[in-house]
Amino acid sequence: MKDRLQKKGIFMQRIKSKKLGSLALLACLVIAMFSACHPTSNDEKTGKKVFTLKVNEHVFTIPIGYVWAYDRGENGTVIGANLHALYPGFEPQTRQNKEEFDKGGWADGRLISFLVDDFRAIKPISKIIERYLGEAEEIGPYRKEGEFYIYPVMDKKRELLLSTLNGENNIYLYCMKDNAVPHPSCDTNFALNRDIYIHLTFSKKLLPHWKGLTNELKTLVNSFQAKNEQ
């Protein structure tokens with residue numbers, strides 16, 4: 001059954017436009033059904049189980065507690081991985097904190113999910129912003145709240161948040177409205193390097209910390225990479 005499921009690629013389709021509910025449900029299913037099926041090995045230094053991810057020519061050695069789903073290429077190589085952690089500190093799942101991960105959703109504001117994948121799997125970030133701004137032109141004007149320019153989008157439960165007018169710095173946050181769901185979240189894509197992007201989903205409670213969150217997450221993912229590749 002394991003081989004059949006992997007061949008069909010149902011672990012994870014590219015996370016271009018996954019909704020929060022689907023993410024949470026998929027996470028629970030994957031953890032419950034396939035937690036023992038990850039292609040793991042033992043780290044030579046620590047002896048602990050690790051998960052090896054290869055994206056283009058970049059190789060990442062990831063502690064198994066961060067992994068909840070992955071994607072294989074045609075030759076069986078792991079080419080994309082969905083990871084999760086607890087903020088702050090970016091704790092992986094352990095026996096001691098497993099209950100925090102089992103809660104699902106973004107109720108307590110600590111859980112973050114992030115995908116590490118090939119930039120060729122998505123449109124350029126500037127094009128993503130351009131598409132959302134095109135939607136906004138048909139709906140209504142933006143408003144300014146704090147540091148963000150906030151634009152309406154076709155999905156009435158969501159909004160586009162830009163830190164510069166019209167997204168001139170190619171940074172965006174795609175967030176649930178406060179009253180749309182009990183525990184709203186935000187999504188964004190940003191570059192790790194020229195080859196790899198990170199798709200991040202986090203509780204809207206962490207929105208005031210978004211800059212630190214993305215910068216610290218880059219540091220974490222880079223720490224998984226072989227030292228001679230950084």
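Tabulated values for the structure
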| quantity | calculated |
| --- | --- |
| The range 177-215: number of residues that are in a loop (DSSP other than H, G, I, E, B) and over 16 Å from E57 (Cα atoms) | 8 |
| Residue tally, condition surrounded by 17 or more Cβ atoms within 10 Å (Cβ to Cβ) and small (G, A, S), over the range 200-212 | 1 |
| Scan of the range 50-60 for residues that are farther than 21 Å from R95 by Cα and not acidic (D, E), ordered by number | T52, L53, K54, V55, N56, H58, V59, F60 |
| Index of the failed condition, V181 passing every other in (1) at pLDDT below 95; (2) in the same structural domain as E216 (by TED's automatic domain parsing); (3) not basic (K, R) | (2) |
| Scope the range 55-70; condition more than 22 Å from D102 (Cα to Cα) and assigned to a strand (DSSP E or B); matching residues | V55, H58, V59, F60, T61 |
| Matching entry among N179, N215, N166 (being over 30 Å from F51 (Cα atoms) and surrounded by fewer than 12 Cβ atoms within 10 Å (Cβ to Cβ)) | N179 |
| Boolean, L200 is touching a strand residue (DSSP E or B) at 6+ places or on another chain (Cβ under 7 Å), more than 20 Å from K123 (Cα to Cα) and not aromatic (F, W, Y) | no |
| Selection within the range 66-92 - in contact with an Asp or Glu (Cβ under 9 Å, 6 or more places away or on another chain) and under 20 Å from T214 (Cα atoms) | G80, A81, N82, A85, L86, Y87, P88, F90, E91 |
| All positions within the range 104-147 that are loosely packed, with under 12 Cβ neighbours inside 10 Å and either of a type in the set (F, W, Y) or part of a strand (DSSP E or B) (or both) | R143, K144, E145 |
| Which listed residue is touching a residue at least 40 places away in the same chain (Cβ under 8 Å) and in contact with a Pro (Cβ under 7 Å, 6 or more places away or on another chain), from A107, A85, A69 | A85 |
| Cβ pairs under 7 Å, 6+ apart, first in the range 122-142 and farther than 14 Å from P152 by Cα, second of a type outside the set (D, E, K, R) and part of a loop (DSSP other than H, G, I, E, B) | I125/N170; S126/N170 |
| Single match in Y174, Y151 (criterion: over 26 Å from Y66 (Cβ atoms), in a strand (DSSP E or B) and either aromatic (F, W, Y) or modelled with pLDDT under 95 (or both)) | Y151 |
| Odd one out for F101, checked against (1) at pLDDT 85 or above; (2) surrounded by 15 or more Cβ atoms within 10 Å (Cβ to Cβ); (3) not in a helix (DSSP H, G or I) | (3) |
| Test: residue in the range 216-229 that is among the basic types (K, R), under 26 Å from V67 (Cβ atoms), assigned to a helix (DSSP H, G or I) and over 22 Å from the mean Cα position of the chain (by Cα) | yes |
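Residues checked against (1) closer than 26 Å to E135 by Cα; (2) out of contact with any helix residue (DSSP H, G or I) (no Cβ under 6 Å at 6 or more places or on another chain); (3) β-branched (V, I, T):
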{"site": "L160", "(1), (2), (3)": "yes, no, no"}
{"site": "I171", "(1), (2), (3)": "yes, yes, yes"}
{"site": "P184", "(1), (2), (3)": "yes, no, no"}
{"site": "S203", "(1), (2), (3)": "yes, yes, no"}
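The values are calculated or read from the model by the stated rules, or taken from the named source; none is laboratory data. On a predicted model such as this, the values are computed, not experimentally measured, just so you know. All Cβ positions, glycine included, derive from the backbone under ideal geometry; neighbour counts span all protein chains shown.
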